[in-house]
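Worksheet: one structure, shown below.
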Amino acid sequence: MTLHPTFIHYPTLLSNIYLYQDDIKIQQIYMYMSDIEYTEEQYEEMIEGMEKIFPDANFSIDVDFLYVLDELLTDKKHIFISNDRYCYCWDGIDAPKQEFFEIKGDSITYRYVLNELIRQDFNPNCNHIFLEGIDKVSEIQYRLSMGS
């Protein structure tokens, strides 16, 4: 599979945005398609490529992850990732509003995290099955950014 972006606004897909909450610095990491425009054929190839890499995923993964799969998400060896269930899909359902996944490893890359989520049977069980990004909440806690 050969990828040929037709236009690039920025040199990288990672954009660090620093936020402060209660005087504590929080870093969020966003990845988004708006940085690169693809032809429909290129985008379809990328989707097929992602599905081949992660055939057992119960969720869709943004193709922008292709560019960072082997980059470190963190240099920590033990982190937690949460999936918040505050969307309308969970209204009136008696279920926890968050689920957590424990990730341990010597090299926690994006690929490793995605494989761990699959291994731990992550399934959004709602209309928001599209993983858009992974947001850093603290040194060891991250949050999945899910969309539809």
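Inside region 59-74, can you point out the residues that are part of a loop (DSSP other than H, G, I, E, B) and within 19 Å of Gln120 (Cα to Cα)?
Phe59, Leu69
Inside region 67-119, can you point out the residues that are buried (at least 17 other Cβ atoms within 10 Å of the Cβ), of a type in the set (Val, Ile, Thr) and at pLDDT below 90?
Result: Val68, single match.
How many of the residues in region 96-148 are part of a helix (DSSP H, G or I) and aromatic (Phe, Trp, Tyr)?
Selection size over region 96-148: 2.
The values are calculated or read from the model by the stated rules, or taken from the named source; none is laboratory data. Quick caveat: nothing in here was measured; it's all calculated off a predicted structure. Positions of Cβ are backbone-derived with ideal geometry, glycine not excepted, and every protein chain shown enters the neighbour counts.
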